[in-house]
Amino acid sequence: MANSKKKGNKGERDLCKWWTLWTGLEFSRVPASGGLRWRSAHATSGDIICTERPHDRRFQFTIESKNYKDINFEHLILGNKKVKILEFWDQTLEDAKRSDKIPILFMRYNGMSKGMYFTIMSRALFDIIKAKQAITDSGFDFAFFEVLKYNFVIMNSNDLLPINYMDLHKTLKAHRRNGQKF
């Protein structure tokens, strides 16, 4: 158990670095791996939070981090009763709803390239990113899933890096102001 806790903590620290690389902002792990609730729900949702002022209060994502020995994507298609990916996504959705943020899930399994994650996001978020970056024309790989009540996209986290984060932030803010749900 201690080794899996260390692995999760290291994975979260590495993910903080990935977010800093993409956004240029400072990020930290939420103490107790996302289990701590202090200040307001808005400030501590997910596993990773933006800690750079003043952006910390305006940061729009709930970031969940999962690091596992293996992640079985085929379970999404085979109709297995217990699908870890859907459990992870449910947790991300609950935190996002509680904090009024946009859910985004980063997953890794053993042996993946350093700094690379499978990223799960809502179809609505993906459509905005796709419109901004013309992802289909950029050679990005992604998969749409419509499983049970879910409709999400899985893509390589590194495909997000060329996207200008601050531009995306402004676009998402405008969409949310107009009532769009993610």
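What follows draws every value from the coordinates through simple rules; no lab data is involved. Predicted model only: the values in this text are computed from it and were never measured. Positions of Cβ are backbone-derived with ideal geometry, glycine not excepted, and every protein chain shown enters the neighbour counts.
Residues that are out of contact with any Leu (no Cβ under 8 Å at 6 or more places or on another chain), polar (S, T, N, Q) and either more than 23 Å from THR44 (Cβ to Cβ) or loosely packed, with under 13 Cβ neighbours inside 10 Å (or both): does the stretch 135-150 have at least one? Please lay out each step first, then the result.
Our first condition is that a residue be out of contact with any Leu (no Cβ under 8 Å at 6 or more places or on another chain); within the stretch 135-150, this holds for 135-144, 146, 149.
This time we only want the ones that are polar (S, T, N, Q), so: 136, 138.
If we keep only those that are either more than 23 Å from THR44 (Cβ to Cβ) or loosely packed, with under 13 Cβ neighbours inside 10 Å (or both) too, we end up with 136, 138.
Yes.
Taking LEU105 as the residue in question, decide whether it is under 14 Å from the mean Cα position of the chain (by Cα) and more than 16 Å from LYS66 (Cβ to Cβ).
Working: under 14 Å from the mean Cα position of the chain (by Cα): yes; more than 16 Å from LYS66 (Cβ to Cβ): no.
No: the conditions fail for LEU105.
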